[in-house]
1. For residue 139, are the conditions met, namely being in contact with a helix residue (DSSP H, G or I) (Cβ under 6 Å, 6 or more places away or on another chain) and of a type outside the set (Val, Ile, Thr)?
2. Could you go through the range 113-121 and let me know if any residue there is among the β-branched types (Val, Ile, Thr), in contact (Cβ under 8 Å) with a residue 24 or more places away in the chain and surrounded by 15 or more Cβ atoms within 10 Å (Cβ to Cβ).
3. Go through the range 155-195 and count every residue that is of a type in the set (S, T, N, Q), open to solvent by 70 Å² or more (accessible area, probe 1.4 Å) and farther than 19 Å from residue 103 by Cβ.
4. I'd like to know if the range 180-193 contains one or more residues that are within 14 Å of the chain's Cα centre (by Cα) and closer than 16 Å to residue 78 by Cβ.
5. Taking residue 144 as the residue in question, decide whether it is open to solvent by 80 Å² or more (accessible area, probe 1.4 Å) and assigned to a helix (DSSP H, G or I).
6. Please go through the range 1-34 and pick out each residue that is part of a loop (DSSP other than H, G, I, E, B) and either without any contact (Cβ under 8 Å) to a residue 60 or more places away in the chain or open to solvent by 40 Å² or more (accessible area, probe 1.4 Å) (or both).
7. Read through the list (1) touching a Gly at 6+ places or on another chain (Cβ under 7 Å); (2) free of Cβ contacts under 8 Å to residues at least 40 places away in the same chain, then give the number of the only condition that residue 77 fails.
8. Check off (1) farther than 27 Å from residue 27 by Cβ; (2) surrounded by 15 or more Cβ atoms within 10 Å (Cβ to Cβ) for residue 152 and give me the number that stays unchecked.
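The values are calculated or read from the model by the stated rules, or taken from the named source; none is laboratory data. Since the structure is predicted, the reported quantities are computational estimates derived from the model, not experimental observations. Cβ: placed from backbone, ideal geometry, glycine included. Neighbour counts: every protein chain shown. The area values use the complete protein model at the heavy-atom level, side chains included, leaving out ligands, DNA and RNA. Shrake-Rupley method; radii C 1.70, N 1.55, O 1.52, S 1.80 Å.
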Amino acid sequence: MSIANNIVEVRQAIGAACQRAGRSERDVTLMAVTKTQPVTALLEAYAAGIRLFGENKVQEFEQKFPALAEMPGARVALIGHLQSNKAARAAELFHAVDTVDSLKIAERLNAAALKLGKTLSVLIEVKLSSEESKHGMAPGAVSEILHAAPSLPGLEVRGLMTVPPFFDDPEEARPYFRQLRELRNSLAAAHPQMQLPELSMGMSHDFAVAIEEG
């Protein structure tokens, strides 16, 4: 199937999940993860209506960055682990960094954003599993960044992100998605100056469950 046809099917599944959860489709944003994909795939997805893209590596997206000139209104987020020595380049290339997993990374992104005269949208990555391959802050450590947020004017902390373990049955991921939503709600109550409207969670096989959980 073409990318355009796949997008139609995914949007239909998003609509069905929203209907089950009593949510508006306007509250859900579809990200096309384009790591390892050629620029032609980005352009095809853009032509089919996608405006938010996710890339895993700073170096890989550097090669694709010029294509944004052909994609007005498109936004690209870094969704892979960010090393501190690449923070400045990430702030330059990306519209958002969804994998902030330490105050050190937040501070480096803030300094880079201020030098660029931009406000960088970020999500705090939370580790909810014991998998060694997963990155993220422990749930109890997230407040460290929220407390520091007023001193990081180059960043806009928009919410939380998590990647649960892979399960053949998407239902097994539900507790992880629910835990992230509940963590966001408690953090927003404890930090009323923070809106934290975004929860980035769910991938191709389990996004419907993620939508149902918020």
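1. Values: in contact with a helix residue (DSSP H, G or I) (Cβ under 6 Å, 6 or more places away or on another chain): yes; of a type outside the set (Val, Ile, Thr): yes.
Yes, satisfied.
2. So the first thing to find is which residues in the range 113-121 are among the β-branched types (Val, Ile, Thr), and the list is 119.
Add one more test, that the residue is in contact (Cβ under 8 Å) with a residue 24 or more places away in the chain, and what stays is 119.
Okay, now just the ones that are also surrounded by 15 or more Cβ atoms within 10 Å (Cβ to Cβ), so none.
Within the range 113-121 (the criterion being among the β-branched types (Val, Ile, Thr), in contact (Cβ under 8 Å) with a residue 24 or more places away in the chain and surrounded by 15 or more Cβ atoms within 10 Å (Cβ to Cβ)), the answer is no, since none of the residues qualifies.
3. Residues of the range 155-195 that are of a type in the set (S, T, N, Q), as a first pass: 162, 179, 185-186, 193, 195.
If we keep only those that are open to solvent by 70 Å² or more (accessible area, probe 1.4 Å) too, we end up with 179, 185, 193, 195.
Add one more test, that the residue is farther than 19 Å from residue 103 by Cβ, and what stays is 179, 185, 195.
Residues that pass the stated criteria total 3.
4. Looking only at the range 180-193, we keep the residues that are within 14 Å of the chain's Cα centre (by Cα), and these are 180.
From the residues that got through so far, the ones that are closer than 16 Å to residue 78 by Cβ too are none.
No, there is no match, as no residue in the range 180-193 is within 14 Å of the chain's Cα centre (by Cα) and closer than 16 Å to residue 78 by Cβ.
5. On the way: open to solvent by 80 Å² or more (accessible area, probe 1.4 Å): yes; assigned to a helix (DSSP H, G or I): yes.
In short, yes.
6. The initial filter retains those residues of the range 1-34 that are part of a loop (DSSP other than H, G, I, E, B), namely 1-2, 22-24, 28-31, 34.
Passing the criteria: 1, 2, 22, 23, 24, 29, 30, 31, 34.
7. The single condition residue 77 does not satisfy is (2).
8. Tallying (1) farther than 27 Å from residue 27 by Cβ; (2) surrounded by 15 or more Cβ atoms within 10 Å (Cβ to Cβ), residue 152 fails exactly one: (1).
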